[in-house]
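Here is the structure we will look at.
The values are calculated or read from the model by the stated rules, or taken from the named source; none is laboratory data. Keep in mind the model is a prediction, meaning the values are calculated, not measured. Note: ideal-geometry Cβ built from the backbone for every residue, glycine included; neighbour counts use all protein chains shown.
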Amino acid sequence: MGNKLIAIFELQEKQMYKSTWLSILQNVIFEAIAILLIVASGMETGNMISDCLLFLFYSMLLRLTWNSAIVIHGLGHTFAIAVIDQQLSILNLTNILEHRSIKTVFQSLLPFSNIFIPFLTTCSDFPYLAVGNSTQVRVKALGGILFNFLFVAITVFFHPSNLISQTFIVANLLIALSSLSDIDALVTGVADCFYCGNFGLIAHRQPDDGNELLPARIVEMAQIMGRETEIRGEQAGGGLVLARDEEQIVFVGKKVVKRKRDNLTQSLEAAFAPIRQKAIASDIKPLESLVIGAWHYRYATSGTAPSELETHWHEWMGARNENVWQFIDREWVCQTKNVNHRITHNGDFDAWELFGQEVDNLTLGLWLERILHTPNATEGDSPKIAGMMDLLITKGMWYASSRLAYQLAITQCLAVSEIANSLESAFPSVENLTSWTEIFESIFAELSHSPEPDSLYFPQYLNRLENNILQAISDQTIIAKWSESQRTAFVQTAIEAFFHNDLYRATQIFISRAKGSFGLVTVSTLEESQLVLAAKGQPITIGFNWQQKYMVYASEPAAVDRVLADVSGSSRLDLNPQAGEIAQVSAEDITIYSLKKQRELKASELENRWISLKHHPHLPYVKFSESENQDPVESDLQSIPRVLAEIKTSWQNSTSLNRQSADYLVHLLTEKVQRFEQKQQKMFQAGLMSQIRPTPTVDLLITGEENSLWLGERFAQNLKTVFPLLNVVTISANEVLQQLSQNLNQLCLNKNSLVLAITQSGQTFSTVQVIDTFDHLCDQGVIGELFILTGELSSFINSTQGNGGVTAILPSSFLDNPHRHRIFINGSGRRKAEPSTVTVAAAGQTLTELLFYLAQQMKNNFPDSEPFGMNLTSESLLVLAMMKDDFLNKNVRQIIGVTARGKPIKSAIRQKLVQGGRHWGLHVTETPLAWAIHAFYVFITVGWVIPFGETLPLVKTSLGLIFNLANLPQSLLEAVSPVITLADIAIYIFGSWFWTLLIRYFQGRQLLARMGKRTLVIGDVPWVNQLLQAYISKLFSLSYGIATIEVHGSNPQNHFLHAFGHRVVRGTLIFLGVPDGRRSKKLQEAENAVLMTGKQANGVRNINVGPEIVVMGHHDAAIADKGFSDAIILDSNDDAIYFRNSTVTEQKEQIEELRESCFGAFERLLASYVFFWALAKKVASFPLLKYEYWKSQSRTKIMTTASPVAGLNLSKLFHKNRLYRKIKFKKYTKNN
């Protein structure tokens, strides 16, 4: 053991030593050549300064020539790819420089700096160029080499003899001949670069699949699933496929860390494809009848930075040959097999139960290193799972079985806290394990003829095997010291592990003792036709295409739906993450073990869980994103009128899921009112009306995260406006989890309380955890009912039915009704853009429809009373419905510029919004534009010396021309020469500032605003400014530092000036949303407050320049011509139509409050979406600084792991709750 570790460390030291020397050689090779050239040519002057300058000249000349050869090579590739793929957009500087930055290129010109040299540069620093479409790869690979040879030929023809030409020729030849990736692509015809979700599948091979490890149809399927999984995070990823190397099963895999602005699905496949081709070239074959592939996309949650080492898949011990026994033809046969286990994991592995106590994964890692005799350099939690699989998978292997048996039977008393310093006796040596294995195998070989493992005679066989082994090992030095019971336990445990601990059983053992959340996939070379999936606190969805005989799985349900939706004979089954389930799956079969029930589930128990992906009644609600859209944000914006119109239609349909769920909610609220009225009656009859007090019990708890939470807060505010006596509370899902983990009673819920959870994706970790918990509480009768609002029904397609909450006072149709639906669908479907637009609009409008429907139905149910204090009349509700129709049919369409059918319309408002956004975009792009102009100026004026022998400074040249044209004496020019020189120096130093002023002048923008990054402050009501702050931040998440903005938000009716008054500077961008003060006294006060805030911010000035303020609202007289930089006036509808009825006029204040929240503020939000989309698009289209503004670097559109609150242990929660109730009951009985 010790010698092996020493050898490993010596090897690592040698590799580091080699890498260091290569790096040094790479940095000094050109300087060494420069010295040789100077000495060989006899150009030393003897003057140290002159010799140093000569050395610098030669060094930089050599480096410049070398870099030019690399650029020519990149130009050749780029040109070839652009021509073959017919995409001129590929011809850009990024591709020509082969993804090296301009800064890196210029830095490499400096002596002794890092520069790319083939064979010396590490792989991570190689220039690369994406191959584009996979057609004619060989021609694309040849493009770089051909361009190098072409420039060599041109140079030889025109200037063959001078030193610069000769250096240029040699550099191009070396680059051409050392392009290994190009040569590799020419040979294989495949190239990728000239250089936290699971998904995967098991499929039967088809005749036209050829000899590809992953046939084209499988690659296409994997990429479809990958694109859907990206929203769970795409910092890094890995993929693997099982293959055959002669008689052995092997893994072929690849991991990548995505570059900041790349796409993980494309990057991974581009890197994985050549690995598979190289494997085939090495005579590795695909499996005969199956294709098994597993992929994982990672968003780091364990605190480790993205790296290939920490990226999934994971293995601990690596591939090794071991003796493996298999039962073949009534006989146990020993074969030498390649043993390799790999896992992918979504979630967090916190601890494992070891020797009766919980051990954190860091300590577990130390323990695994000792017991497996294999060090591991990873820091994350998931690699420890791979180590546990190496320990627990023992079937057919006596070495692994004896190793596990020692820990389970002999070392149970080891103090976990002392693992790092524990005695060697706690970890048997390789020699001891090998010696015991020889004994086990020799005895087992003698009894190789055994009955079937499930026959009646097999227990007798095991007894005989146990006795023979016990006799054989009793004289072993170490074993002789054990007690008889220890020896017996050791042998029995080893035999048990040998016969039963396959991949399926090992996963059950691991998950049963593991603490954390797990979406776990385990693959082994010992199982060439199946893999094992586990779900505990994380989702795993499994789909089967029974006709074409393949199985797909994914952490993201939509990934499975996308592949199998509308395919005849396809079904889907979701593992239960609350109960904890382990599934053993093949292409055509599935077996599920339930941790909760501690047994395998019967087919009858799974029958109702299968979802037909062809005939399920809710499939029309499952909508996918348009994956081919180049601008998903614009596409989402343009779909808003259509989606909102569809929402309106669905609420008019009494059979829709929304209406059925709303009817159920109305019924439960009606029961609440009935119970309250009965209580009032009884108190009145008893003469106790004065003692009625409002209870702190929550009637409706609304929860969610980020956008969902902020919309929930707006909905709660509107509910309180309509139903003043309804106790509505809004809490973030993370906060709910924290309170549940401490004490359920802190939430003030009872058996009549209702919960509304809002989650667009249905996958947000904290919200899903809350849904699971409340679902169980509802089942137990602790709360009334759980309702869910989502945009992606796929996550809840089998959970649309309510669990309880029906405790009718009067006979009710819901008592025996199977249609107690509890899911609201906002109709937006799945969207891939991270800056949310249509999803927010759809959720907001769905909540508005729900609000109006509840008000109307409660009014119908209680025409002569005021349920929950509601005093709105039927006429007032009709006015609100008219306002809603005008909002949908007029205002939304004018703001977005598109009809509900997707037809563009001429809209002055949209044009104004787009122009305003583009204008602000000029503020952001002025810095790189000024820098580019100044760089060009320096290039021309200084570079003039190369062909003409002198520089061309602006002031000196201009005055020289003026003096010559005016025939002024040259002596005067010489007299002012020092001043001219100083002026030219000033231009070189402050040129960027001068060019910025010039740019602003010609663009008609504020001249003296501060230069550099702009700060944007959004001022509107809380839910609007929060939504916009998140939206704009995501629009600029991939922007370059030289062209970006810093985003803040605040409420101008409250603390805007307190938070930002001291931070307002020249050029601060302030965007204010102003309520329409004409509509009510309350809104007049709000309008005045916002305008006062704007004026006070505008008064913060320096050199008479202040912030640039744009105000937006409906009241043109209030916001136009008020001294702000610009005012955007939104259309107003005719109020005279709404308030013709005197009874409605009496409730105008309440109606206008709802109108502002449901429509006025909503219109400002939609208009802001268009404004800032135009701004972002302007910035993102700037040459050389382009980026995809619809996503972020990590691509975490949803947080699918703890963020930051971990999930709940339901059993512990209920245990705490029972204890609390017992204590409370004891106190009560004691006091009474």
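Mind telling me which of the residues F1172, F1124 ends up being modelled with pLDDT of 90 or more, more than 30 Å from Q780 (Cβ to Cβ), in a loop (DSSP other than H, G, I, E, B) and not hydroxyl-bearing (S, T, Y)? Give the derivation first.
Details: F1172 fails: in a loop (DSSP other than H, G, I, E, B).
Residue meeting the stated conditions: F1124.
Looking at segment 1073-1094, can you tell me whether even one residue there is at pLDDT 90 or above, buried (at least 22 other Cβ atoms within 10 Å of the Cβ), within 30 Å of P928 (Cα to Cα) and within 35 Å of the chain's Cα centre (by Cα)?
No: zero hits.
Run Q598 past the list (1) at pLDDT 85 or above; (2) within 30 Å of D885 (Cα to Cα) and report the number of the one that doesn't hold.
Among (1) at pLDDT 85 or above; (2) within 30 Å of D885 (Cα to Cα), Q598 violates only (2).
Here's the yes/no breakdown for (1) in contact with a helix residue (DSSP H, G or I) (Cβ under 7 Å, 6 or more places away or on another chain); (2) at pLDDT 90 or above; (3) assigned to a helix (DSSP H, G or I):
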site	(1), (2), (3)
P459	no, no, yes
Q471	no, no, yes
T493	yes, yes, yes
T507	no, yes, yes
K515	no, yes, no
V523	no, yes, no
V532	yes, yes, no
A559	yes, no, yes
V563	yes, no, yes
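Quick one: is A386 at pLDDT 90 or above and within 30 Å of F518 (Cβ to Cβ)? Steps first, please.
Working: at pLDDT 90 or above: yes; within 30 Å of F518 (Cβ to Cβ): yes.
Answer is yes for this residue.
Inside segment 1032-1046, can you point out the residues that are in a loop (DSSP other than H, G, I, E, B) and touching a strand residue (DSSP E or B) at 6+ places or on another chain (Cβ under 9 Å)?
Of all residues in segment 1032-1046, those in a loop (DSSP other than H, G, I, E, B) come to 1036-1044.
The answer is F1036, S1039, T1044.
Quickly run through segment 899-918 and pick out the residues that are in a loop (DSSP other than H, G, I, E, B) and in contact with a Gly (Cβ under 9 Å, 6 or more places away or on another chain). First the steps, then the outcome.
From segment 899-918, those in a loop (DSSP other than H, G, I, E, B) are 899-903, 905-907; that's our starting set.
Scanning segment 899-918 gives I905, K906, S907.
Among the listed residues G762, G704, which satisfies the condition of being at pLDDT 85 or above and buried (at least 17 other Cβ atoms within 10 Å of the Cβ)?
Working: G762 fails: at pLDDT 85 or above.
Being at pLDDT 85 or above and buried (at least 17 other Cβ atoms within 10 Å of the Cβ) holds for just one of G762, G704, which is G704.
Those residues that are modelled with pLDDT of 85 or more and farther than 30 Å from A554 by Cα, I need them from segment 733-745; list them, please.
Matches in segment 733-745: Q739 only.
Kindly evaluate Q277 against the criterion of being outside any loop (DSSP other than H, G, I, E, B) and either crowded, with 23+ Cβ neighbours inside 10 Å or assigned by TED's automatic domain parsing to the domain that holds H449 (or both).
On the way: outside any loop (DSSP other than H, G, I, E, B): yes; either crowded, with 23+ Cβ neighbours inside 10 Å or assigned by TED's automatic domain parsing to the domain that holds H449 (or both): no.
It is false that Q277 is outside any loop (DSSP other than H, G, I, E, B) and either crowded, with 23+ Cβ neighbours inside 10 Å or assigned by TED's automatic domain parsing to the domain that holds H449 (or both).
Return the only residue of G1019, G1041 being surrounded by fewer than 14 Cβ atoms within 10 Å (Cβ to Cβ), within 30 Å of the chain's Cα centre (by Cα) and either modelled with pLDDT under 90 or outside the structural domain of A716 (by TED's automatic domain parsing) (or both). Walk me through it before giving the result.
Details: G1019 fails: surrounded by fewer than 14 Cβ atoms within 10 Å (Cβ to Cβ).
Of the residues listed, the single one that is surrounded by fewer than 14 Cβ atoms within 10 Å (Cβ to Cβ), within 30 Å of the chain's Cα centre (by Cα) and either modelled with pLDDT under 90 or outside the structural domain of A716 (by TED's automatic domain parsing) (or both) is G1041.
Inside segment 1140-1154, can you point out the residues that are assigned to a loop (DSSP other than H, G, I, E, B) and over 49 Å from the mean Cα position of the chain (by Cα)? Break it down into steps so the answer makes sense when it comes.
Initially, segment 1140-1154 is screened for residues assigned to a loop (DSSP other than H, G, I, E, B), giving 1140-1141, 1147.
Of everything in segment 1140-1154, those that are assigned to a loop (DSSP other than H, G, I, E, B) and over 49 Å from the mean Cα position of the chain (by Cα) turn out to be R1140, N1141.
Residue by residue through segment 768-806, note down the ones that are modelled with pLDDT under 80 and in contact with a Cys (Cβ under 6 Å, 6 or more places away or on another chain).
The answer is N803, G804.
Mind checking which residues of segment 976-1005 are surrounded by 16 or more Cβ atoms within 10 Å (Cβ to Cβ) and within 30 Å of Y1169 (Cα to Cα)?
Of everything in segment 976-1005, those that are surrounded by 16 or more Cβ atoms within 10 Å (Cβ to Cβ) and within 30 Å of Y1169 (Cα to Cα) turn out to be T996, I999, R1000, R1005.
Please enumerate the residues belonging to segment 1165-1174 that are over 12 Å from A841 (Cα atoms) and not small (G, A, S). Walk me through how you get there before you give the answer.
Here is the first cut: in segment 1165-1174, the residues over 12 Å from A841 (Cα atoms) are 1168, 1170-1174.
Listed by number, the residues that qualify are V1170, F1171, F1172, W1173.
Going through L368, L372 one at a time, which residue ends up being surrounded by fewer than 20 Cβ atoms within 10 Å (Cβ to Cβ), under 22 Å from E496 (Cβ atoms) and in contact with a Gly (Cβ under 7 Å, 6 or more places away or on another chain)?
Values: L368 fails: surrounded by fewer than 20 Cβ atoms within 10 Å (Cβ to Cβ).
Result of the check over L368, L372: L372.
Consider only pairs whose beta carbons are under 7 Å apart and that are at least six residues apart or on different chains; among these, list those whose first residue lies in segment 82-110 and is of a type in the set (D, E, K, R) and whose second residue is at pLDDT 80 or above.
E98/G74
How do the helices (runs of 4 or more DSSP H) wholly within segment 926-1013 filter down when requiring 2 or more residues that are of a type in the set (S, T, Y): which remain?
Details: elements: 945-948, 954-965, 970-975, 977-1003.
Of the helices (runs of 4 or more DSSP H) lying wholly inside segment 926-1013, those with at least 2 residues that are of a type in the set (S, T, Y) span 954-965, 977-1003.
Just to be sure I understand, how many residues within segment 373-393 are charged (D, E, K, R) and outside any loop (DSSP other than H, G, I, E, B)? Outline the logic, then answer.
Quick first cut of segment 373-393, residues charged (D, E, K, R) only: 379, 381, 384, 390.
Narrowing the set further to residues that are outside any loop (DSSP other than H, G, I, E, B) leaves 384, 390.
Total satisfying the criteria: 2.
Give all pairs with beta carbons closer than 6 Å in which a residue from segment 935-946 that is over 17 Å from W993 (Cα atoms) meets a residue that is assigned to a loop (DSSP other than H, G, I, E, B) and of a type outside the set (A, V, I, L, M); count only pairs at least 6 apart in sequence or on separate chains.
T941/T951; T941/P953; V942/T951; W944/T951; V945/T951
Looking only at segment 898-911, count every residue that is over 14 Å from L644 (Cα atoms) and either touching a Leu at 6+ places or on another chain (Cβ under 7 Å) or crowded, with 19+ Cβ neighbours inside 10 Å (or both) and tell me the total.
Here is the first cut: in segment 898-911, the ones over 14 Å from L644 (Cα atoms) are 903-911.
Checking which are either touching a Leu at 6+ places or on another chain (Cβ under 7 Å) or crowded, with 19+ Cβ neighbours inside 10 Å (or both) leaves us with 909-910.
The qualifying residues number 2.
What about L37, is it at pLDDT below 75, surrounded by 11 or more Cβ atoms within 10 Å (Cβ to Cβ) and within 28 Å of I169 (Cβ to Cβ)? I'd like the intermediate steps shown before the answer.
Working: at pLDDT below 75: yes; surrounded by 11 or more Cβ atoms within 10 Å (Cβ to Cβ): yes; within 28 Å of I169 (Cβ to Cβ): yes.
Yes.
Could you list all residues from segment 319-346 that are under 14 Å from T525 (Cβ atoms) and surrounded by 13 or more Cβ atoms within 10 Å (Cβ to Cβ)? Steps first, answer last, please.
In the first step, residues of segment 319-346 are kept if they are under 14 Å from T525 (Cβ atoms); the result is 319-322, 324, 326, 335-343.
Scanning segment 319-346 gives A319, E322, V324, Q326, Q335, K337, N338, V339, N340, H341, R342, I343.
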